[in-house]
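Quick notes on the structure that follows.
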Amino acid sequence: MAVRITYFVHGTTTDNEKGISSGWSDPELSDLGRKQAKDLREQTLGRKFEAVFCSDLKRAAETAWLAFEGLAPIIPDQRLRECNYGIYNGQPETIVEQLQPDFISQKFPEGESYEDVKKRMNDFLHMLKKSYDGKSIAIVSHKAPQLALEVLLKGKTWEQAFAEDWRKTKSWQPGWDYVL
């Protein structure tokens, strides 16, 4: 049996609109982000999920509630948080984006590495396999956990995951499918 995962990214935040990489800082969804989450509800009508897991950070949790409330249990999980950029949380994306490949194994100062995110996601996937085998679930989260899924479930290197990230080409879609 397999767990079918559909991965959704949170809506646009006030930080996104200012060109800020939030990390573990906790900005609100912007008006556009709330609209995107409500639109996601319409775009996913007819899809059934056993559960919807989301990061416990406001932007992902609010997206999950606006998109999926009443359709499936919504379960916040800290393991689905964005990478902790440490001293770079809330800093301009022009700085943080260029630094990210340097912190695959090495931790951001006062933060974590992408390998740390991968460990969190691997732990989360083990829980899914144990509790949701044969089911379909949704995840609403951030960039780093999605890239970790690319590494863990699609066999990419971190370098490939960064290089092929849909955010670079602005090719958003209403969900990415993974199989565990």
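Since every read-out is calculated from the coordinates, none of them should be taken as a lab result. This is a predicted model, so every value here is computed, not measured. Using ideal geometry, Cβ is built from the backbone for each residue, glycine included, and neighbour counts are taken over all protein chains shown.
Looking at W65, is it touching a helix residue (DSSP H, G or I) at 6+ places or on another chain (Cβ under 9 Å) and in a helix (DSSP H, G or I)? Yes: the conditions hold for W65. The number of residues in the stretch 90-112 being polar (S, T, N, Q) and either touching a His at 6+ places or on another chain (Cβ under 6 Å) or in contact (Cβ under 8 Å) with a residue 24 or more places away in the chain (or both) comes to 3.
Taking the criterion of being part of a helix (DSSP H, G or I) and more than 16 Å from D165 (Cβ to Cβ), the residues of the stretch 77-93 that qualify are Q78, R79, L80, G86, I87, Y88.
Out of the stretch 125-180, which residues are out of contact with any helix residue (DSSP H, G or I) (no Cβ under 8 Å at 6 or more places or on another chain), farther than 19 Å from Q36 by Cα and surrounded by 17 or more Cβ atoms within 10 Å (Cβ to Cβ)? Residues satisfying the conditions are L128, Y132, S136.
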